[in-house]
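Heads up: the structure comes next, in structure tokens.
The values are calculated or read from the model by the stated rules, or taken from the named source; none is laboratory data. Just so it is clear, the structure is predicted and the values come from calculations on it, not from any experiment. Here the Cβ positions follow ideal geometry from the backbone for every residue, glycine too, while neighbour counts run over all protein chains shown. When the accessible area is computed, the model is the full protein with side chains, heavy atoms only, and any ligands, DNA or RNA have been set aside. Shrake-Rupley method; radii C 1.70, N 1.55, O 1.52, S 1.80 Å.
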Amino acid sequence: MKAILESVQKTSLSSFKSYLHEVPRFDFKWHFHPEYELTFIRKGKGNRHVGDSLEAFEEGDLVLIGANIPHTWVSDFEKECCQADVVQFSELVVSPLLVGLKEFEKVKTLLRKSDRGISFKVNGKEDFLMSKFNALHEAVGMSKVLLLFELLNVLASKIPFDLLLNTDFKSQLGKSETDRMDTVFSYIQNNFREQITLEKMSSLSCLTPTSFSRFFKKQTHQTFVDYLNELRLTAAMRELQGTDKSISEVAFSSGFNTLMHFNRLFKRKHSCSPSVWRKQHKN
């Protein structure tokens with residue numbers, strides 16, 4: 001997967017960037033930047049890729065990502081009107097207040113943990129957060145900086161969260177490796193519902209099957225088969241939640257060859273059967 005270095009452009013009136021991102025869909029754009037990034041999904045659903053983490057996202061998804069961690073959001077549908085609040089700020093913006101001030105200790109800890117990616121459990125605080133982001137986008141001068149720290153303090157003090165990345169995750173950003181991964185991930189993203197063989201992927205990457213497996217594991221901290229199954233399971237979860245398809249229809253439309261294999265992997269991941277999970281999460 002080719003992670004593109006993104007240059008975060010700030011205005012002449014602000015030392016960091018805060019805006020409402022509105023697009024017809026979130027396209028696959030594997031990128032990284034030296035700034036922290038806080039992203040709140042107002043509209044849209046699909047897959048969220050952060051480092052070696054792959055999870056489904058929907059409205060209310062809130063994530064804080066540390067410096068130089070590759071990431072992207074990918075929509076489920078071609079056109080669905082997507083909106084996301086995005087705040088990007090560098091270490092230079094926050095470090096003056098984090099050094100030696102005990103009042104900012106929780107924020108300092110939060111930013112340190114963002115090196116592993118943070119997913120917040122919003123749980124009904126969506127309207128409150130949207131009001132905070134609206135105020136932040138519109139503010140100028142000192143008020144904008146104060147609102148940023150106020151928001152970070154709320155996240156650090158009042159909203160529980162999970163860490164997304166493995167403790168040993170390190171981004172591999174060499175050009176030859178990322179060019180090859182760009183080809184591999186683009187193909188998987190477009191074809192995961194179909195049969196994808198190890199031989200096909202090794203051919204695309206111009207490697208032997210053994211070399212490709214080793215290369216993929218080094219770059220993603222997952223085996224190729226585990227990653228492909230994870231992608232298919234996230235697609236299946238959304239179909240279970242948002243459609244009335246039978247369990248077998250969901251399994252096959254998500255790319256699994258047998259219902260037994262799908263049920264086994266689903267239960268291993270969620271500790272319950274697909275039918276039980278659907279009853280608990282059905283829209």
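Table for the structure above
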read-out: Proximal aspartates and glutamates to K279, defined as alpha-carbon separation beneath 18 angstrom and excluding residues fewer than eight positions away on the same chain; value: E239, D244, E249
read-out: Nearest-20 debye value, segment 37-156 charge dipole, Cβ charges on Lys, Arg, Asp, Glu; value: 360
read-out: Stretchable slack from S186 to R214, in nm (0.36 nm times residue separation minus alpha-carbon distance); value: 8.2 nm
read-out: Extension gain from R264 to D127, taking 0.36 nm per residue of separation minus the Cα-Cα distance; value: 45.5 nm
read-out: Summed residue charge, Cβ within 9 Å of E126's Cβ, Lys/Arg positive, Asp/Glu negative; value: 0
read-out: Cα pair count fraction exceeding 22 Å, expressed as % - segment 37-163; value: 36
read-out: Segment 50-106 - Rg over Rh from alpha carbon coordinates, Kirkwood radius; value: 1.08
read-out: Subset of K17/K106; K45/K108; K45/K121; K45/K218; K108/K158; K43/K245 violating a 19 Å alpha-carbon distance limit; value: K17/K106; K45/K108; K45/K218; K43/K245
read-out: The chain, helix-only ellipticity at 222 nm - DSSP H runs n ≥ 4, -39,500 (n - 2.57), divided by all residues, nearest 500; value: -14000 deg cm²/dmol
read-out: Dipole-positive endmost among F133, V107, V93 within the chain (Cβ charges, Cα centre); value: V107
read-out: Charge dipole (debye, nearest 20) of segment 172-283; +1 at Cβ of Lys and Arg, -1 at Cβ of Asp and Glu; value: 440
read-out: Low-density loop cleavage sites - trypsin sites (Lys or Arg not before Pro) in segment 56-111, where at most 16 other Cβ are within 10 Å (DSSP); value: K79
read-out: Solvent-accessible area per residue, Å², over segment 193-283 with all protein chains present [probe radius 1.4 Å]; value: 55
read-out: Residues whose placed amide H lies under 5 Å from that of N166, excluding near-sequence neighbours; value: D52
read-out: Accessible-area composition of the chain, carbon plus sulfur, in percent [1.4 Å probe]; value: 52
read-out: Semi-axis lengths (Å, descending) of the ellipsoid that matches the C-alpha gyration tensor of the chain; value: 34, 23, 17
read-out: Rounded accessible area of T208 (nearest 10 Å², 1.4 Å probe); value: 80
read-out: Neighbourhood charge, 15 Å Cβ-Cβ cut-off, centred on I196 and excluding it, Lys, Arg +1 and Asp, Glu -1; value: -1
read-out: Charge dipole (debye, nearest 20) of the chain; +1 at Cβ of Lys and Arg, -1 at Cβ of Asp and Glu; value: 660
read-out: Separation of the E22 and Q280 label points, Cα + 7 Å toward Cβ, nm; value: 3.7
read-out: Surface per residue (accessible, 1.4 Å probe) for segment 59-170, Å²; value: 51
read-out: GNM result for the chain, Cα springs below 10 Å: residue of L231, L152, L98 fluctuating most strongly; value: L98
